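Peer 1: Mind looking over this structure? Questions follow.
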Amino acid sequence: HSAIHRADYTAPAFWIDTVELCFDLDPAKTRVLNKMRLRRNADVPAQPLRLDGEELNLARVLVNGQGASFKMDGNQLVLENLPAAEDGAFDLEIFTTCCPAKNTKLMGLYVSNDSFFTQCEAEGFRRITYFLDRPDVMASYTVTLRADKAKYPVLLSNGNLVEQGTLDDGRHFAKWVDPFKKPSYLFALVAGQLVGREQRITARNGREHLLQVFVRPGDLDKTEHAMNSLMASVAWDEARFGLPLDLERFMIVATSDFNMGAMENKGLNIFNTKYVLANQATATDTDYSNIESVVGHEYFHNWTGNRVTCRDWFQLSLKEGLTVFRDQEFSQDLCREPSARAVKRIEDVRVLRTAQFPEDAGPMAHPVRPDSYIEINNFYTVTIYEKGAEVVRMMQTLVGREGFAKGMTLYFERFDGQAVTCDDFAQAIADANPDSDLARLLPQFKRWYSQAGTPRVHASGSFDAAARTYTLTLGQSCAPTPGQAVKEPFVIPVSLGLVGADGRELALRTMDGNTVPSPYTFVMTQASETLTFVDIDAEPVPSILRGFSAPVVLEFDYSDEQLLTLLANDIDPFNRWEAGQRLAVRSALKAIAAVADPAPLQPLNTAYIDAMRSVLRHPTLDAAFKELVLTLPSETYIAEQLDVVDPQRIHAVREAMRGQLAVALTDDWAWAFDAHADNGAYQPDPLSSGRRALAGMALTHLCLAARTTGDVVWPGKAYQRFKDAGNMTDRFNALAALVASDHALAAQALPRFHAMFKDEALVLDKWFALQAGAPDRAGNILPAVRQLMKHPDFNLRNPNRARSVIFSYCSANPGAFHRPDAAGYVFWSDRVIELDGINPQVAARLARALDRWKKLTEPYRSAAREALVRVAAKADLSNDVREVVTRALA
Ligand code: HT7
Ligand code: ZN
């Protein structure tokens, strides 16, 4: 199949004004009657009507009530010679059937646990009926659902319930009208045995709304947090952006079979259970915080995505980048302490750097607004989402928080009810802030949308003692990416400050004698530029890219002493954390490069270990921040710093570093555990979850140290805590500590954990993932993974379960996956092929595990290539997987 290009966009030849859908729901054969009112688009040349459809059985086509002739062109239903009424309008009625029970792709209408669900983004609606399945065709929907009343007591669709009643044969119906026009990708229906938690709220403007969270009958006790998150989201969007809830009823429904996290269908969000269900016995602090983010994210789409949508799928980041930015800001604003905001920022940056930077440097690199794609589902990426959010964040930095809110207001004034582009968004933010750097630099700023790749900022400083000046030279460059050999300079907001050798923040004065506020945001636009600060008495330590003010790699040749100064003193928590990461990466790279084989067992120097001790024991830093500083950079992040990657060497060095921290800080870890282990009644707030995270980290290190020292006390305590814990975070952390140290007690704890939670699917996912992601000490993880796939609770058709075993091994456990005997890659290729026959979207995500194969050293490189070739050679691959492996091999 061939690529679709952004430059080829043309407006649709027809508009669909209204759609009346009537469903007779049946797992084996669902009947869909689709009555549309269409109208020619007078702005484009007359042409036949081409409707998209996929895996549909077509029974009847009527135009203005009469049988009409049509032809099929591939998957498209083509109608020529349409009647030309004066306004170009006509009625079109299409009757089709489909088979939801056999839908394993989970796109369109499918069955999960005996209930019906839909997923229409991006191109799933065409699996329900023939349609102009593109986001710039916005229609008014009326939907009637008919189904067996006993089996499917709850019948939901978008908008308002206007009618319901019983039918013959034990069936019933419900009729829904969505008051807003929408693209087909926002259509949804749900039917099944569900129960709802309800909450009535009154908005600031006095309007009443009904909020509902629907789950399977046994799960009602896990819906409180999702409901609280939804209420907080409604309040936040009103307070921060003046955007109210525009519907009387807003529903969330959870399903355990879902390709992604959740979906923002108008008024009827459908969620992966993973992002809805939580109580303290089954969900960890991370689950709680993810639920808050995802509930917020989908709710915020109601304005950014639904009220204003995308003209075409190349504009996907228009809604996704903006909405990720909004959910990140939401989570930060919910933090009471400034330190908790910083922790959230560090976590977000860590995701960007460990997932998006590699994507931007690999075969799937693409601009935030791509120029072409073969399969749109492959472009729901960290670049579109997380880098897109960083681009929006830079806009906010350039126009200020208030200016950004004004820009949002203008965006909705201009485009409410329309399908628009990334350009339209950027223009609105700039136009609302005519005197801003963004307005001045807009065409250049928009290179963030058009150019792929991570820019590098090369900084150097020179101190002139006689002139008492400090000059920073800042250069930028960006490596080629597929299809883009040469890059033009970006607009890069670089937030910075100067720290004295004594650790104190210096006042910043420029050459003209002006004092500039600290932190100061310097806006880079050139390949190279300098800035000079005056009245500087001694060589300062520059703190550059504070708060990670731009999604770039910062290169500055810091000495260890300078980094230790920043780690101990920087007022910017992000750069304080970053200094520790730089020190750790430096030690790792040195040990990896050392000729000695095996890797030196002591990669960390005393200064680093002492600095970590000071952070751990620090009297005022909070626990969550300490936990982040003490977490070593991931193997993936370390690999990105290298041109040639030996995954086993990286793994060995990082494990040695962990072991060193475990042993050298044993007393400190013991102190940290004792000081943070007891937290009273469970609350998932940032402060207490930080304390649990640090206690968990301490326990892990104490169990690791026990491997060297032969200590039996701490593993025993971990087992005790595993048994007695009052919440899943503490219980799971204790279990993970035993598994990570490969202690004999892990073999007792794991079956016990399974027995305790055998009916909790989401907890079993954790149980599977923990084992598939465990450190590989004797090449036994792959056999364990194969064994897990034979477990009665394993099910390849369930994406969460497949991810918990296969992705945890192939994508999240590099030390176990990259085997010298290539067995990991063979396993990967088997699973990609097997999954592709079931669910191409999930298969294509797995296919990306070998994106970075070209960097691997031998024998890994050749073996990985062979595995990719093996997948690519398969004849009937999906578009999804074919695009990924073709790009990888290119
Ligand atoms: N907008 C949603 C995207 C999504 C999706 C895309 C393809 C296949 C399945 C999917 N489920 C959800 C998710 C979001 O960003 O909110
Ligand atoms: Zn989204």
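The values are calculated or read from the model by the stated rules, or taken from the named source; none is laboratory data. Worth saying up front: this structure is predicted, and the values here are computed from it rather than measured. Here Cβ is always computed from backbone atoms with ideal geometry, including for glycine, and neighbour counts include all displayed protein chains.
Each row is one residue, and each column tells you yes or no for (1) out of contact with any strand residue (DSSP E or B) (no Cβ under 8 Å at 6 or more places or on another chain); (2) assigned to a helix (DSSP H, G or I); (3) small (Gly, Ala, Ser).
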position: Thr282; (1), (2), (3): yes, no, no
position: Ile291; (1), (2), (3): yes, yes, no
position: Val294; (1), (2), (3): no, yes, no
position: Glu298; (1), (2), (3): no, yes, no
position: Asn306; (1), (2), (3): no, no, no
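Peer 1: Further question: Can you find a residue in the stretch 447-458 that is without any contact (Cβ under 8 Å) to a residue 60 or more places away in the chain, closer than 30 Å to Phe300 by Cα and within 30 Å of the chain's Cα centre (by Cα)? It would help to see each step written out before you state the result.
Peer 2: The initial filter retains those residues of the stretch 447-458 that are without any contact (Cβ under 8 Å) to a residue 60 or more places away in the chain, namely 447.
Now drop any that are not closer than 30 Å to Phe300 by Cα, which leaves 447.
Remaining after also requiring within 30 Å of the chain's Cα centre (by Cα): 447.
Scanning the stretch 447-458, I find at least one residue that is without any contact (Cβ under 8 Å) to a residue 60 or more places away in the chain, closer than 30 Å to Phe300 by Cα and within 30 Å of the chain's Cα centre (by Cα), so the answer is yes.
Peer 1: Here is a further query. Mind checking whether some residue in the stretch 559-571 is under 28 Å from the mean Cα position of the chain (by Cα) and either surrounded by fewer than 21 Cβ atoms within 10 Å (Cβ to Cβ) or modelled with pLDDT of 95 or more (or both)?
Peer 2: Restricting attention to the stretch 559-571, the residues satisfying the condition of being under 28 Å from the mean Cα position of the chain (by Cα) are none.
Taking every residue of the stretch 559-571 in turn, none turns out to be under 28 Å from the mean Cα position of the chain (by Cα) and either surrounded by fewer than 21 Cβ atoms within 10 Å (Cβ to Cβ) or modelled with pLDDT of 95 or more (or both).
Peer 1: Select from the stretch 101-159 the residues that are of a type in the set (Gly, Ala, Ser) and without any contact (Cβ under 8 Å) to a residue 60 or more places away in the chain and list them in ascending order. Show your work before the answer.
Peer 2: Kept after step one, since they are of a type in the set (Gly, Ala, Ser), are these residues of the stretch 101-159: 101, 108, 112, 115, 122, 124, 139-140, 147, 150, 157, 159.
Gly108, Ala150, listed by residue number.
Peer 1: Taking the stretch 309-345 as the search range and keeping residues that are within 16 Å of ligand 2 (Cβ to nearest atom) and not in a helix (DSSP H, G or I), which one is nearest to Val382 (Cα to Cα)?
Peer 2: Result: Cys310.
Peer 1: Specify the residue that is farthest from Tyr185 (Cα to Cα); the eligible residues are those in the stretch 310-353 that are polar (S, T, N, Q) and within 16 Å of ligand 1 (Cβ to nearest atom).
Peer 2: Ser331
Peer 1: Further question: Looking at the stretch 758-784, which of its residues are assigned to a loop (DSSP other than H, G, I, E, B) and surrounded by 19 or more Cβ atoms within 10 Å (Cβ to Cβ)? Even if it seems obvious, please write down each step before you answer.
Peer 2: Within the stretch 758-784, the first condition is being assigned to a loop (DSSP other than H, G, I, E, B), and the residues that meet it are 758-760, 773-780.
Listed by number, the residues that qualify are Glu760, Gly773, Ala774, Asp776.
Peer 1: Looking only at strands (runs of 3 or more DSSP E) that lie completely in the stretch 490-550, which have at least 2 residues being more than 24 Å from Ser450 (Cβ to Cβ)?
Peer 2: Working: elements: 492-499, 520-524, 528-534, 541-544.
Of the strands (runs of 3 or more DSSP E) lying wholly inside the stretch 490-550, those with at least 2 residues that are more than 24 Å from Ser450 (Cβ to Cβ) span 492-499, 528-534, 541-544.
Peer 1: List, please: which pairs have Cβ atoms under 9 Å, are six or more places apart or on different chains, and start with a residue in the stretch 600-611 that is at negative phi and modelled with pLDDT of 95 or more and end with one that is assigned to a loop (DSSP other than H, G, I, E, B) and surrounded by 15 or more Cβ atoms within 10 Å (Cβ to Cβ)?
Peer 2: Ile609/Leu665
Peer 1: Something else: Within the bounds of the stretch 852-861, is there any residue that is more than 20 Å from Phe357 (Cα to Cα) and part of a helix (DSSP H, G or I)?
Peer 2: yes
Peer 1: Look at the stretch 363-379 and say how many of its residues are crowded, with 22+ Cβ neighbours inside 10 Å and either in a strand (DSSP E or B) or assigned by TED's automatic domain parsing to the domain that holds Val885 (or both).
Peer 2: 0
Peer 1: Report, by residue number, each residue of the stretch 226-246 that is touching a residue at least 60 places away in the same chain (Cβ under 8 Å) and surrounded by fewer than 20 Cβ atoms within 10 Å (Cβ to Cβ). Spell out the reasoning first.
Peer 2: As a first pass, look at the stretch 226-246 and keep what is touching a residue at least 60 places away in the same chain (Cβ under 8 Å): 226, 229-230, 232-234, 236-237, 240-243, 246.
Hits for the stretch 226-246 are Ala232, Arg240, Phe241, Gly242, Asp246.
Peer 1: Can you tell me which of (1) at pLDDT 95 or above; (2) out of contact with any Lys or Arg (no Cβ under 7 Å at 6 or more places or on another chain); (3) surrounded by fewer than 17 Cβ atoms within 10 Å (Cβ to Cβ); (4) not in a helix (DSSP H, G or I) is the one Asn795 doesn't meet?
Peer 2: Here Asn795 meets the rest and fails (2).
Peer 1: In addition: Taking Gln199, is it out of contact with any Lys or Arg (no Cβ under 9 Å at 6 or more places or on another chain) and not hydrophobic (A, V, I, L, M, F, W, C)?
Peer 2: On the way: out of contact with any Lys or Arg (no Cβ under 9 Å at 6 or more places or on another chain): yes; not hydrophobic (A, V, I, L, M, F, W, C): yes.
Yes.
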